[in-house]
Structures are given as C-alpha cells and as structure tokens.
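The values are calculated or read from the model by the stated rules, or taken from the named source; none is laboratory data. Treat the numbers as computed from the prediction; the structure is a model and nothing was measured. Heads up, the Cβs are rebuilt from the backbone with ideal geometry, glycines too, and the neighbour counts pull from every protein chain shown.
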Amino acid sequence: MPEEPCQCPDCQRFYREHDRLIRENPTLRQQQELSWAALQSFRTLAGRALEELQKTHGDSDAAMAPAAAGAPLDVGEQDAIQQAMADLENINAHLFSIEALMERIFDVRVPDAVEQKFRELAGELAPDPLNADRLRLNRLLHQTPDLPG
C-alpha cells in the first residue's frame, strides 16, 4: 500500500504547483523551457540580492562596517548578513553549475508522436483540479474538501 501524501499546507501547495506546471506545460519542449526560465530567474534574483547586500554591507573584509542607510547593526546581525551573503555566493555557484548541466537537456528533440505522449501523460498525472469527476473522487478518497485555495 503506497504511503499517503503529506497533508501539511506546504506539501499541499507543492502538489498543487507541481500539477499546475504539468498541466500548463505538457510537452518535453515546454518543460525544457520552463526549467530553463526558472533557473535563469533564480540566478537573476539571487545574483541581484547578493549585489545589493554587498553594496549595503560590503564584503567579508568590511563585515564590521555600519549599514549604509541607518544605524549600525549589532555583531549578531552583521554575522547573519555575512553568512547570508556567503550562502548566496554558494547558491549562485551551484546554479551556474546546474545551468551548464541543463544546457545538455536542450540537445534532446523528440518527434511529435512523443510530444503527444507527453500531453497524454500530463493529463493523467495532473488532471484539471476543477474537473467535477476529480473533485468528487478526491472527496471520496480523502474525505477533505479540495477546492483550490
């Protein structure tokens, strides 16, 4: 018997987003583009946040410098910001590595018949959550309301 999916709000939000991404991007090509766009947006936002923190708080050599626009931070706050900046540098390095690996995904092209198989499977894996049959089945299986929130 398979383990029941977690019902916590975070997991439920993940399941809804997972299914939505499959429904809205049901082909290999769309999934490739979606993954690339998500990676690039993550790199852009994390990179910009790091740049702004470095402008405001300096690099690790200037860790004890006061914040540019206000009262100086206490040592604990400064340490937390310096740690966050180091973490963002690591995240950006990892994202760059992932980008290099993902470029290989774009080498793959499939015939239309295979793209159609992707569409069929997407409908099975992530059917429309507002479909009346799906709502009825979910209520019977889980005994919980599953209207989108």
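Among R23, R13, which is the only one that is exposed (fewer than 15 other Cβ atoms within 10 Å of the Cβ), in a helix (DSSP H, G or I) and either hydroxyl-bearing (S, T, Y) or modelled with pLDDT under 95 (or both)? I'd like the intermediate steps shown before the answer.
Numbers: R23 fails: exposed (fewer than 15 other Cβ atoms within 10 Å of the Cβ).
Answer to the selection: R13.
Could you check segment 53-85 and list, in sequence order, the residues that are under 22 Å from R43 (Cβ atoms), modelled with pLDDT of 90 or more and either among the acidic types (D, E) or exposed (fewer than 12 other Cβ atoms within 10 Å of the Cβ) (or both)?
K55, Q83 - these are the residues of segment 53-85 that are under 22 Å from R43 (Cβ atoms), modelled with pLDDT of 90 or more and either among the acidic types (D, E) or exposed (fewer than 12 other Cβ atoms within 10 Å of the Cβ) (or both).
Within segment 86-128, can you find the residues that are of a type in the set (A, V, I, L, M) and under 19 Å from Q40 (Cα atoms)? I'd like the intermediate steps shown before the answer.
Our first condition is that a residue be of a type in the set (A, V, I, L, M); within segment 86-128, this holds for 86, 88, 91, 93, 95, 98, 100-102, 105, 108, 110, 113-114, 121-122, 125-126.
If the condition is that a residue be of a type in the set (A, V, I, L, M) and under 19 Å from Q40 (Cα atoms), then L88, I91, A93, L95, I98, A100, L101, M102, I105 are the ones that fit.
If you check Q40, Q116, which single one turns out to be at pLDDT 90 or above, within 19 Å of the chain's Cα centre (by Cα) and under 28 Å from R16 (Cβ atoms)? Walk me through how you get there before you give the answer.
Details: Q116 fails: within 19 Å of the chain's Cα centre (by Cα).
Being at pLDDT 90 or above, within 19 Å of the chain's Cα centre (by Cα) and under 28 Å from R16 (Cβ atoms) holds for just one of Q40, Q116, which is Q40.
Please work out which one of (1) exposed (fewer than 12 other Cβ atoms within 10 Å of the Cβ); (2) modelled with pLDDT of 95 or more; (3) under 30 Å from L125 (Cβ atoms) is the condition N90 fails and give its number.
Answer for N90: the failing condition is (3).
Considering (1) modelled with pLDDT of 85 or more; (2) surrounded by fewer than 12 Cβ atoms within 10 Å (Cβ to Cβ), say which one T144 fails and leave the rest.
(1)
Cβ contacts < 7 Å: first residue farther than 13 Å from I91 by Cβ, restricted to segment 23-50; second residue of a type in the set (K, R) and loosely packed, with under 15 Cβ neighbours inside 10 Å, any location; separation 6+ or different chain. Result?
The qualifying pairs are P26/R119; T27/R119.
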